[in-house]
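K.L.:
Got a structure for you, written out below as structure tokens; questions coming shortly.
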């Protein structure tokens with residue numbers, strides 16, 4: 001799947017996305033200490049990306 005031209009720039013994604021992929025949400029929850037190994041991947045809590 002390709003990215004829309006408005007999201008691409010010379011150095012990759014320029015705009016901040018408000019929707020995260022599942023692996024990005026897991027990484028963010030791990031960093032915040034709200035997810036640990038063995039937790040279910042399906043049904044993750046809502047997260048807002050760090051600014």
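The values are calculated or read from the model by the stated rules, or taken from the named source; none is laboratory data. Quick caveat: nothing in here was measured; it's all calculated off a predicted structure. Cβ coordinates were reconstructed from backbone atoms using ideal geometry, including for glycine residues, and neighbour counts include every protein chain displayed.
K.L.:
Looking only at residues in the range 10-21 that are modelled with pLDDT under 70 and under 21 Å from residue 50 (Cα atoms), which one is surrounded by the fewest Cβ atoms within 10 Å (Cβ to Cβ)?
P.N.:
My answer is 11.
K.L.:
Related question: Being closer than 20 Å to residue 16 by Cα, free of Cβ contacts under 8 Å to residues at least 24 places away in the same chain and surrounded by 10 or more Cβ atoms within 10 Å (Cβ to Cβ) is the filter here, so list the residues in the range 30-51 that pass it.
P.N.:
Correct list: 31, 32.
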